[in-house]
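These notes are about the structure you will find just below.
The values are calculated or read from the model by the stated rules, or taken from the named source; none is laboratory data. The model shown is predicted, which means the values in this text are computed figures rather than measured ones. Because the Cβ atoms are built from the backbone with ideal geometry, glycine has one as well, and the counts that use them run over all protein chains shown.
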Amino acid sequence: MKQTGFIYHPLYQKHETEPHPENPGRLQAILDRLENSEDRPTLTELEPRKALPEEIALVHDSDYISYVDEKCREGQSSLDMDTNISINSYEAALLASGAGLTAVDKVIDGELDNVFCAVRPPGHHAERERSMGFCLFNNVAIAARYAQEQKELDRVAIFDWDVHHGNGTQNSFYSNSSVFYSSAHQFPFYPGTGDKGETGTGDGLGATLNFPLRAYSEDSDYLELVENKLIPELFKFKPDLIIISAGFDAHAEDPLATMQLSSGCFGKMTELLRKASEEICNGRLISMLEGGYNHQALADSVHSHLAALSA
């Protein structure tokens, strides 16, 4: 049985966004599902530290970081047409990014096998100088850069199974050959990026691999591409760490998309990736929450994900 960490902080619930699909009820549904589960996975519960502004600046422009802080302190209600904020959102975002840093420390230092970060706000749409798609800071990109800067890892792989393409993460590493970014997402769909012709540029050419999928894709479509297309590329790349951008909005019950995945499919994809990580990088695997907007479907999918991480 794997030693799996579960990172959460109550301040994530103080990122108040209502009325909005990305709301505090998402995390409460996950916590309730775990609390009331008769087959709750064995987890090591951890609190994150706050990411420092200079750590956020590994990915984001310093002026943008200050701008987010300022708008939250002023009590503004949004940063853009999609991204709601409140007075506590900046602090919550520091803790969301900090969860990834805490997870990197625990996994790379050998204290845990893998970690799931139940965070808000999500991150994979956030660009270097702007918020986007409910996201303030790009949590997975910051974790990847921190792993390279502070833990001296040569190569990091990120797989994003959120139903929306992670434009911010892709752009963070598009010319960087040391980070392999791959995404499976509904296409054409928001945010409009993620065509299979997007493969990187310059030194990063070939280090981006997109799997644009038609609407109404099913479990078998995802499992086939993970097992037969993604994992062989991971073996070729040989990352020192694998990070999952774990959005659960490709679920059949999710209101923001039209994919047809079951809750169990997320567990099956996790099992495939966990087993691959054991062969490639000594099981070093970190997962960070992105989307998922039907609360029951999200909670069930996260439970399946955690069960596979800790098996």
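From 247, 292, grab the single residue that is crowded, with 22+ Cβ neighbours inside 10 Å, in contact with an Asp or Glu (Cβ under 6 Å, 6 or more places away or on another chain) and over 14 Å from residue 184 (Cα atoms). Step through it out loud before you land on a result.
On the way: 247 fails: over 14 Å from residue 184 (Cα atoms).
Exactly one residue qualifies, and that residue is 292.
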Given the conditions (1) under 21 Å from residue 141 (Cα atoms); (2) more than 16 Å from the chain's Cα centre (by Cα); (3) buried (at least 20 other Cβ atoms within 10 Å of the Cβ); (4) of a type outside the set (Ser, Thr, Tyr), every one holds for residue 283 apart from (3)
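Report the residue count in the stretch 101-115 for those that are in a helix (DSSP H, G or I) and not aliphatic (A, V, I, L, M). Talk me through it step by step, then tell me what you get.
Going through the stretch 101-115, the residues in a helix (DSSP H, G or I) turn out to be 101-108.
This time we only want the ones that are not aliphatic (A, V, I, L, M), so: 102, 105-106.
Selection size over the stretch 101-115: 3.
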Going through the stretch 182-240 in order, the residues found to be touching a residue at least 60 places away in the same chain (Cβ under 8 Å) and surrounded by fewer than 18 Cβ atoms within 10 Å (Cβ to Cβ) are 191, 238
Touching a strand residue (DSSP E or B) at 6+ places or on another chain (Cβ under 9 Å), crowded, with 24+ Cβ neighbours inside 10 Å, in contact (Cβ under 8 Å) with a residue 60 or more places away in the chain and not charged (D, E, K, R): is that true of residue 156 in this structure?
yes
Among the residues of the stretch 19-42, write down those that are acidic (Asp, Glu) and touching a residue at least 40 places away in the same chain (Cβ under 8 Å).
22, 32, 39
Across the stretch 19-63, which residue is surrounded by the most Cβ atoms within 10 Å (Cβ to Cβ) among those that are within 20 Å of residue 124 (Cβ to Cβ) and out of contact with any helix residue (DSSP H, G or I) (no Cβ under 7 Å at 6 or more places or on another chain)?
60
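Quick check on the stretch 95-103. Is at least one of its residues of a type outside the set (Ser, Thr, Tyr), modelled with pLDDT under 95 and touching a strand residue (DSSP E or B) at 6+ places or on another chain (Cβ under 7 Å)? Write out each step before concluding.
Of all residues in the stretch 95-103, those of a type outside the set (Ser, Thr, Tyr) come to 95-96, 98-101, 103.
Those still in the list that are modelled with pLDDT under 95 too: none.
So far as the stretch 95-103 goes, no, none of its residues is of a type outside the set (Ser, Thr, Tyr), modelled with pLDDT under 95 and touching a strand residue (DSSP E or B) at 6+ places or on another chain (Cβ under 7 Å).
Name the strands (runs of 3 or more DSSP E) wholly within the stretch 146-221 that hold at least 1 residues that are at pLDDT 95 or above and within 15 Å of the chain's Cα centre (by Cα)? Step through it out loud before you land on a result.
Working: elements: 156-160, 179-186, 208-213.
Answer list for the stretch 146-221: 156-160, 179-186.
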